[in-house]
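Here's the structure, in structure tokens; my notes come after.
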Amino acid sequence: MKNFQPYQIIHVALEKCDKWELPTSNSLIYFWWHEKALAHFWFEPEEENFDITTYKIRLVKSIRPVLVQEIAKQDSELAPSFLWHGLILNEDFNGLKKVLSKLFGKNQIASKEKISVVVCTRNRTAFLRNCIASIITSISEGDEIIVVDNAPSDDYTERLIANLPSVRYVKEPRKGLDIARNTGAMAAKNSIVAFTDDDVLVSNTWADELRNSFEDKMTLAVTGLVIPDSLKTKTQYIFERYWGFNRGYCEKTFDHQYFQQHIQDGVPVWEIGAGANMAFRKSVFNLVGYFDERLDAGASGCSGDSEFWYRILAEGWNVFYQPKAYVFHQHREEKKDLRNQLYSYMRGQVSSLMVQYETYGHEGNIKRALKGLPNYYYYRFKNRLLQGKTEEFSTIFTEIMGCISGFRYYRKHKGKRNIPVLNIEKSLFEPVIIEENTLVSVIITAYNYGRFLEQSIKSVLSQSYKNIELIVVNDGSEDNTEEIIERFPQIKKVNTKRIGLAAARNIGAQYSDGDFLLFLDADDYLLFDGIEQNLNHFKKFPMAAYVSGAHLKHDSEGNYLPVNPALYKDGDVYTSLLQGNYIGMEATVLYRKELFFSFHFEPKLKGCEDYDINLRIARYLPVYSHREFVAVYRIHKENMSADNNKMFKAATTVLKHQIPFLKSQYENDALKEGFVNWQNHYGQSHNLQLS
């Protein structure tokens, strides 16, 4: 492409189309049904035999995937493939419009959730002005726009926003895109936080399509379609053709199953979308943390968004790609800007792979970084040399240098993840109110414990306190768990795909509507007045964040075993928990629901998740423990706690996580005592390093 000719971008509105017309110059053609993008293809008139028939055949192939998906979603036989093929090939526009109208004509009930739109910017006031104007036409009453001015060298942006009373201005003096994103997320007031870039124009329906895409409570993030605003230069063309942000026109859910399918070779999270068009439930920042400030522009160069999606998937949640939420992006025009961009992409990708390995220990990230990328560039070189591809060597070298720089950058910043910001709900500092209709949500997590599950369920349904919501999270069981659940139609059922105990509990909490939460394992059960006992103690200690009671034990034959007396504890019991897990059984704990807007079970732990969350809550809030029996712990050969070595490692890992937060010698001594107590309890021998 030595004599580059600009590409015009053509948008074909099929609802208005009455005939097919061939473009007269290089074109990128998008096909739409009202506000729904259906397909695109590239058109170069110099191609041999590219006539109107070829044009229509290419359209048929391009439009097919999204039509097939929509028919499958509606379970409809409305338009078998041959039908719309014929409509297009025979130019039956009236017939085509009827088909598309039936497929895409249903109006979705608009979500009432409100959106905070965050735009991070730095010294690009001209772009920003147009971006904000487009957002204003998209949002609704109650939504908000936040502009984060990231380490500006002038006051132009501040002056611009001063004239826009509907826009909130926040200055972030520290340079870095992910620093700015975190600042915007913390400033946001609404339940959904959307991000776009200052060189983007959003569509009129963008905000509504985003908010409607969070209907599934498993969805913590949404990405959307990104379309180029123009392709005037060769650089813009190259970027869109080979590096563009377009992820297609079919809706797609990226879930834990997708994650597991790719984990051995490194999960390609960059396929999920682009940071220029993404949104999150605000609760995600408490569940998985904030953006890693070592990544993206101003730091490693890129991949702060994809690393964040990685964490969401790794911890059992979903990311949803919604092409109806579309934006227009102004690609960089100059060749040097593209090279800088590609360098940053690869630098950021390698850095993020190493960060993901640092966080989770998933070997696929190392495999992709050390083996996958070298193989990829080997074949790029080979194709260029042997097949005479038009790709420039300079571009390949730029990317490789970016990869090398990514390794160097990570080594320099290894382990320097920003400490998560904990935003504790204000209501947790006020006394709890218990009324006659106070709802308690019981969350049972089940994996292949069908033989115990029925007793567990019945123990909840037969409680002396009746206003109970029961949620069973079936975490990929392969036994008769599903059959057992189906026997109880009053149960709220959630199916997950083997994400582990901690993540399953977090998801159960997300689905709950109760004022209080209780987590019950499928092999344990509650005593008939267990919930009533804990609620009564909440009435006595209304400032408590959680209340815990005592438990009984019995063996696999149903014989009760001796237990140590439970302890009465109230107020500041953080040091007591450092000394050991006096609570003992998670099902004895009744939590205030608001805790799970700020705290969560840690999926990265391989045990003692309950000990960890109870410690972290007690570090900040008062809690209470009593001696009445509320639950029964069943001992059998498959108990997770039967592996002493595993449990010792988990318990001491939890303690080590507390080291940075210890505030006094008294707490230091308590932690050391706790380590010794765990050694004695599990019969292990190790040395604790307080550093």
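Any read-out appearing in this document is the output of simple, stated calculations on the displayed coordinates, not a laboratory observation. Everything numeric in this text was worked out from a predicted model, so none of it was measured. Cβ: placed from backbone, ideal geometry, glycine included. Neighbour counts: every protein chain shown.
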| remark: With the dipole of the chain defined by +1 on each Lys or Arg Cβ and -1 on each Asp or Glu Cβ, the option from Pro622, Val202, Ile491 whose Cα lies farthest towards the positive pole is Val202
| said: Can you work out the Karplus-derived ³J(HN,Hα) for every residue in the range 651-661? Use 6.51 cos²θ - 1.76 cosθ + 1.60 with θ = phi - 60°, whole Hz, and x for glycine or proline. | reply: 5, 6, 5, 4, 5, 4, 5, 7, 3, x, 9
| Could you give the angle, 0 to 90 degrees to the nearest 10, between helix 665-682's Cα long axis and the longest principal axis of the Cα atoms of the chain? | 80
| note | For Lys56, counting only lysines whose alpha-carbon sits under 18 Å away and dropping same-chain residues fewer than eight positions off, the answer is Lys16, Lys19, Lys97
| query | Quick one: which of 206-212, 475-481 comes out on top by average Cβ neighbours within 10 Å, and what's the full order, highest first? | reply | 206-212, 475-481
| request: List, in order, the whole-Hz ³J(HN,Hα) value for each residue of the range 472-488 obtained from phi through the Karplus relation with A = 6.51, B = -1.76, C = 1.60 and θ = phi - 60°; use x for Gly and Pro. | output: 10, 9, 8, 8, x, 4, 10, 9, 8, 4, 4, 4, 5, 4, 5, 6, 10
| Can you give the extra length, in nm with one decimal, that the chain gains between Val421 and Ile109 once fully stretched, where that is 0.36 nm per residue apart less the Cα-Cα distance? | 108.8 nm
| task | Using +1 at the Cβ of each Lys and Arg and -1 at the Cβ of each Asp and Glu in the chain, identify which of Val222, Pro562, Phe239 lies farthest towards the dipole's positive end. | result | Phe239
| remark: Along the dipole axis of the chain (charges at Cβ: +1 for Lys and Arg, -1 for Asp and Glu; origin at the Cα centre), the most positive-end residue among Asn107, Cys608, Ala297 is Ala297
| request: State the extension gain, in nm to one decimal, for the chain segment bounded by Tyr568 and Asn495, taking 0.36 nm per residue of separation less the distance between their alpha-carbons. | output: 22.5 nm
| query | Once amide H atoms are placed 1.01 Å from N in the peptide plane, what residues at a sequence separation of 5 or more from Gly571, or on another chain, have their amide H within under 5 Å of its amide H? | reply | Val623
| remark: Whole-Å distance linking the alpha carbon centroid of the range 421-463 with that of the range 398-413 is 47
| request: Just the number, please: percent antiparallel of the DSSP beta bridges in the chain, rounded to the nearest 5. | output: 40
| query | Can you work out ³J(HN,Hα) from phi for every residue in the range 273-289, in order, using Karplus 6.51 cos²θ - 1.76 cosθ + 1.60 and θ = phi - 60°, giving whole Hz and x for Gly and Pro? | reply | x, 9, x, 6, 8, 8, 8, 9, 5, 4, 4, 4, 6, 7, 6, 10, x
| field | Crossing angle, helix 501-511 versus the chain [Cα axis fit, 0-90 degrees, rounded to tens] | value | 70
| query | Under the Kirkwood approximation for Rh and a Cα-based Rg, what ratio Rg/Rh is obtained for the range 115-413? | reply | 0.96
| note | Assertion target for Tyr666, Tyr7, ordered by fewest C-beta neighbours within 10 angstrom first, is Tyr666, Tyr7
| query | In the structure displayed, which of Lys416/Lys606; Lys114/Lys604; Lys112/Lys189; Lys371/Lys412 lie more than 26 Å apart, Cα to Cα? | reply | Lys114/Lys604
| request: Tell me what the chain gives for mean residue ellipticity at 222 nm when only DSSP H runs of n ≥ 4 count, each as -39,500 (n - 2.57), the sum divided by the residue total, rounded to 500 deg cm²/dmol. | output: -12000 deg cm²/dmol
| query | Against the longest alpha carbon principal axis of the chain, how many degrees, from 0 to 90 and to the nearest 10, is the axis of helix 609-620 turned? | reply | 90
| In the neighborhood of Pro65, defined by Cβ-to-Cβ distances under 12 Å, what is the net charge if each Lys or Arg adds +1 and each Asp or Glu adds -1? | +1
| query | If you put +1 on each Lys and Arg Cβ and -1 on each Asp and Glu Cβ, how big is the dipole of the chain around its Cα centre, in Debye rounded to 20? | reply | 1800
| said: As an exercise, use a Förster radius of 51 Å and the Cβ-Cβ distance of His657 and Glu251 to find the FRET efficiency, rounded to the nearest 0.05. | reply: 0.85
| field | Surface/4 estimate of mean projected area, convex hull on alpha-carbon atoms of the range 435-682, nm² | value | 12.7
| said: Roughly how far apart, in whole Å, are the Cα centres of the range 167-198 and the range 570-625? | reply: 31
| query | In terms of Cα to Cα distance under 17 Å, which aspartates and glutamates are near enough to Lys663, apart from those fewer than 8 places away along the same chain? | reply | Asp572, Glu673
| field | Shape category assigned to the range 569-613 from the gyration tensor of Cα positions, a/c cut at 1.5 | value | oblate
| said: Just to be sure I understand, if you calculate P(r) over Cα pairs in 10 Å bins from 0, in percent for this structure, which of [x] 3, 13, 21, 23, 19, 12, 6, 2, 0; [y] 3, 12, 16, 16, 13, 9, 8, 7, 5, 4, 3, 3, 2, 1, 0; [z] 3, 13, 18, 18, 16, 12, 8, 5, 4, 2, 1, 0 do you get? | reply: [x]
| request: For Lys171, list long-range residues whose amide hydrogen, built 1.01 Å from N in the peptide plane, is under 5 Å from its own amide hydrogen. | output: Asp149
| Under the classification rounded if a/c is under 1.5, otherwise prolate if a/b is larger than b/c and oblate if not, where does the range 252-297 fall, given a ≥ b ≥ c as square roots of the Cα gyration tensor eigenvalues? | prolate
| task | Could you name the lysines whose alpha carbon sits less than 22 Å from that of Lys232, not counting residues in the same chain fewer than 8 places away? | result | Lys2, Lys335, Lys336
| request: Obtain the nm distance between the two label points defined at Leu439 and Asp669 by a simple spin-label model: each point lies 7 Å from its Cα along the Cα-to-C-beta direction. | output: 4.8
| Using modelled amide H (1.01 Å from N, peptide plane; none on Pro or chain starts), what sits under 5 Å from the amide H of Glu469, excluding residues fewer than 5 places away? | Val440, Ser441, Val442
| query | Which order do peptides 219-232, 61-74 fall in by mean Cβ count within 10 Å, highest first? | reply | 219-232, 61-74
| note | In nm², the average projected area of the convex hull spanned by the Cα atoms of the range 187-267 is 7.9
| message | Could you tell me how far the Cα centroid of the range 1-65 sits from the Cα centroid of the range 482-546, in Å? | response | 54
| message | Rounded, prolate or oblate for the range 8-104? Axes are the square roots of the Cα gyration tensor eigenvalues, ordered a ≥ b ≥ c, and the cut-off for rounded is a/c under 1.5. | response | prolate
| query | What nm value, rounded to one decimal, do you get for the distance between His681 and Tyr560 when each label is placed 7 Å out toward the C-beta? | reply | 2.3
